[in-house]
Amino acid sequence: MGGRFKALVAATLIAGAAIVSANGVTCRPAQADDAFPNKVIRVIVGFAAGGGNDIFARVVGQRFGELIGQTVVIENKPGAGGRIASEYVAQQPGDGYTLMVGASGSMSIASAIYPTLGYHPTKSFVPLTMIASFPLIMTVSAEHPAKSVSELVAWAKANPDKANYATSSPAFTIATELLKLKTGMPGQAIPYKSSNESVLSVAAGQTLLTISDGPPAVPMVKGGKVRALAVTGSDRSGELPDVPSMKEAGYPEVNTKLWSGFFAPAGTPAPIVAKLEATLRKAMADEGVRAKLKTMAVDPGGGSGADFRKLIDADIETYKGIVQAAKLKFER
């Protein structure tokens, strides 16, 4: 996976910040009688170039530009886990020319854990379509005696002074706390700066476990540095077909998945929303687009904006419940 991911990063970055439609259509002065769109469409990404959400935007954005007949420009506004970009886009005119690729961490999770957040994912924005969703991977040291989730839970209960977990974001903290709530296992959170550092800490035996995203975990699993006990949710990962899902492991409620998707500012006229959604969903249905997304160990999306909205609102309530039950506090 690591080689394919790096190759995709290189290929998408070579394309540059501007993704121009294949038919050569470029930006031209807007005319009052022109139909939407008649100028450049910006897609704001709240993370640095080369990361997963940036690549999502570029892969889908290229085909989107071809289909809608306009130049699509990707703009990176990283910071605060994507919240800076979200606040920026929420304040932009609802004219269809500024869109956003938003991630679950900065949208549904942030809405659940920060009471004074300056935007709301389904009130400040119009969800257009999901790009992809992906499970998280639970790993322990390759040297640890536990070979299954149930064995690890039993071990942690028998050794509470050694039961801790590495985490680098609220998403991973919430997933692990949900496991604790459903199993009764103990576990003290140990913060790290990145999920890569978290997985390395597990490999070195500094922490008992981590539940993290795929890019740092999968290569370490395949390299024998850590052992994957389960992936969150009900389905196995195509990158780790021998690793059971949490449902198979006996914990179906530990189903945390992260996602990314396209959003427009609230107030965007319905006809423009309809055209954006239809075109993005058509781009998402492209087999070439879906194949590129799958190399990143994600499940391609492409459903309706209405379904995406329902998922986000449900996520917020789920995360709020976990935060309250586990009495979690997060600093912005």
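FYI, it's all coordinate maths here, none of it is from the lab. What you are looking at is a predicted structure, and each value in this text was computed from that prediction instead of being measured. Virtual Cβ from ideal backbone geometry, glycine too; neighbours counted across all protein chains shown.
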Tell me which GluC sites (Glu not before Pro) from segment 286-332 have a DSSP coil assignment and no more than 13 other beta carbons within 10 Å of their own. E331
Going through K157/K182; K39/K123; K123/K182 one by one, the pairs whose alpha carbons sit over 24 Å apart turn out to be K39/K123; K123/K182
Label model pair L181, Y114: point-to-point distance (7 angstrom along the Cα→beta-carbon line) in nm is 2.1 nm
For helix 52-68, what angle does its Cα long axis make with the longest principal axis of the chain, in degrees from 0 to 90 and rounded to 10? 30 degrees
Under 5 Å, built H, 5+ apart or other chain: amide partners of R227: V140, S141, A142
Between E248 and D307, Cβ-based FRET efficiency (R0 25 Å, step 0.05) works out to 0.45
Measure nothing but the geometry: give the 0 to 90° angle between the long axis through the Cα atoms of 149-158 and the longest principal axis through the Cα atoms of the chain, rounded to 10°. 50 degrees
From the backbone phi of segment 234-245, what are the Karplus-calculated ³J(HN,Hα) couplings (6.51 cos²θ - 1.76 cosθ + 1.60, θ = phi - 60°) in whole Hz, Gly and Pro given as x? 9, 10, 6, 8, x, 7, 10, x, 8, 8, x, 7
If we sort 190-196, 297-303 on the protection proxy, mean other Cβ atoms within 10 Å, highest first, what's the order? 297-303, 190-196
Rounded to whole Å, give me the distance from the Cα center of segment 181-231 to that of segment 270-292. 35 Å
Give the residue list of chymotrypsin sites (Phe, Trp or Tyr not before Pro) in segment 256-308 that are DSSP loop and have at most 15 other beta-carbon atoms within 10 angstrom. none
Quick check: the distance between the Cα centres of segment 244-264 and segment 56-92, to the nearest angstrom? 25 Å
Once amide H atoms are built 1.01 Å from N in the peptide plane, which residues 5 or more positions from T256, or in another chain, come under 5 Å H to H? G233
If I fit a long axis through the Cα atoms of helix 170-183 and take the longest principal axis of the Cα atoms of the chain, what angle between them do I get, 0 to 90°, rounded to 10? 40 degrees
Rounded to the nearest 500, what is the chain's calculated 222 nm mean residue ellipticity when only DSSP H runs of at least 4 contribute -39500 (n - 2.57) each, over all residues? -12000 deg cm²/dmol
What is segment 224-332 by shape, rounded, prolate or oblate, if you read a ≥ b ≥ c off the alpha carbon gyration tensor as root eigenvalues and call it rounded for a/c under 1.5, prolate for a/b larger than b/c, and oblate otherwise? oblate
Show me the trypsin sites (Lys or Arg not before Pro) within segment 90-177 that DSSP assigns to loop and that have at most 14 other Cβ atoms within 10 Å of their Cβ. K123, K147
